[in-house]
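So the structure is just underneath, and the comments pick up after that.
The values are calculated or read from the model by the stated rules, or taken from the named source; none is laboratory data. The structure presented is a predicted model; accordingly, all values stated were derived computationally and were not measured. As a convention, Cβ positions derive from the backbone with ideal geometry for all residues, glycine included, and neighbour counts pool all protein chains shown.
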C-alpha cells in the first residue's frame, strides 16, 4: 500500500489534498522522501460559536492565541455562518446534521463552547473531549463548565451585573478559554470578488451610513429624519456618502438616496456587502453585523449605543461610541418601554457630524 500521512493538516481521505492537486506530490514518494508540505497534526480543537454573524466575527481574535499556543492543532469551528470564518480555521462547519454526525464520531483535545444556546450546550455535552471550556447543559439549562465562565454566565442572567461589567467581549471570551486578552484583533478575510463598478468618488472621504438594526431591536433605531439630515450635511461638507444595509432596509435606503442625493447600490450577499463596506473610510452604525465587519476591515467607526453596556465593545482605537444625552432606561430591551421619553431622540445630529469629522481628520 502507498504510504500515507493521515495526520497531515492537508490530508483529506475522501478527496486529493491541495498540495497533490497543485504540485502532484504524494505523502511519500517512490524514493521514500516525505512530502515537503507535510504538516503533522498532534491535536484537535473544536470551537462552538453558532451565534449571529457579528458574534462570530468578534470571536475570531481567539484564533491568534490558539494558533500561538497550539501550532500543531487542527482547529474546527461549528457555526450557523461558516462562510464568515477566516482561512485560519482548518475545518469550518455549518450547523447541520451532516456536521453533527461527523463531530459525534470524534474525540477532541479541547472543546470551547462559547454559546449559551441550549442546542450548543447540549451538543457540547455529547461530543467527546479531554478538556471542556465555556458552557454546558445541566438539567436542560445552560451552565458554566468551570469557574472561568462564571462571570460571563452571570452577566447574562442579571442585568445589574451586566451593567456593572467593565470587560470587553474579547476579554471575557479569552478569560473563558484560559488566556489573557492583549489587543488581538478581529480576523476577517476580504472576499476575492470580480471587480465591482461601484460608482464611488474615491477622491473624497467615503462615509457609509448603516441606518438599520434588524427587525427585532427597534429600541436602537435613530429617527429617519436624523439619518437624512446627517447624509445631507456630510455631502455639503464634501464627503461621499453611501447608505448601507440589508433587505430589511432596502426601501428605507432607496428613499434616503432619493431625498438626500446620497448613494445607495442595493442589498447584497455577504461577500459583496463586505466588499462594499471596504470601500468606506468611515462607517456610522448601530450595534449590528455591519459594525463588526467595519472593525474587522480596520475602518474608522462611529458607533451608536443605547441599550447595551458600552464596555463590551472593543473598537481597537478605530472610532468612538456615541450614546444619547438622556440615559437609556431599556437595558437589553428589544423595544423601548420608557414612557417618559425615547432616548435615541436625544442623540443630536451635530454630535455625530463632529465625531465623523474628528475621526476623518485623524
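List of remarks:
- Residue match in region 241-250 (condition: outside the structural domain of residue 85 (by TED's automatic domain parsing) and part of a loop (DSSP other than H, G, I, E, B)): yes
- In region 332-348, the qualifying residues are those that are at pLDDT 90 or above and buried (at least 18 other Cβ atoms within 10 Å of the Cβ), and the one that is farthest from residue 299 (Cα to Cα) is 342.
- Only one of 315, 303, 359 that is touching a strand residue (DSSP E or B) at 6+ places or on another chain (Cβ under 9 Å), in a loop (DSSP other than H, G, I, E, B), on the phi < 0 side of the Ramachandran plot and surrounded by 15 or more Cβ atoms within 10 Å (Cβ to Cβ): 315
- Any hit, region 260-281, residues being under 27 Å from residue 345 (Cβ atoms) and surrounded by fewer than 16 Cβ atoms within 10 Å (Cβ to Cβ): yes
- In region 72-120, counting only strands (runs of 3 or more DSSP E) that sit wholly within it, the ones holding 2 or more residues that are over 20 Å from the mean Cα position of the chain (by Cα) span 73-79, 107-113.
- Count of region 201-225 residues which are in contact with a helix residue (DSSP H, G or I) (Cβ under 9 Å, 6 or more places away or on another chain) and surrounded by 17 or more Cβ atoms within 10 Å (Cβ to Cβ): 13
- Residues (over 17 Å from residue 218 (Cα atoms) and surrounded by 17 or more Cβ atoms within 10 Å (Cβ to Cβ)) located in region 285-300: 292, 293, 294, 295, 296, 297, 299, 300
- Condition check for residue 66: touching a strand residue (DSSP E or B) at 6+ places or on another chain (Cβ under 9 Å) and either on the phi > 0 side of the Ramachandran plot or not in a strand (DSSP E or B) (or both): yes
- Test: residue 186 is under 20 Å from residue 52 (Cβ atoms) and assigned to a helix (DSSP H, G or I): no
- Entirely in region 128-183, the helices (runs of 4 or more DSSP H) that have 1 or more residues that are within 20 Å of residue 118 (Cα to Cα): 150-155, 169-176
- Residue check for residue 293: in the same structural domain as residue 227 (by TED's automatic domain parsing), under 20 Å from the mean Cα position of the chain (by Cα) and either over 30 Å from residue 85 (Cβ atoms) or not in a loop (DSSP other than H, G, I, E, B) (or both): yes
- Unique residue being outside any strand (DSSP E or B), outside the structural domain of residue 60 (by TED's automatic domain parsing) and touching a strand residue (DSSP E or B) at 6+ places or on another chain (Cβ under 6 Å) when the list is 256, 308, 273: 256
- A count restricted to region 1-52 and to residues that are outside any loop (DSSP other than H, G, I, E, B) and either touching a strand residue (DSSP E or B) at 6+ places or on another chain (Cβ under 6 Å) or in contact (Cβ under 8 Å) with a residue 40 or more places away in the chain (or both) stands at 8.
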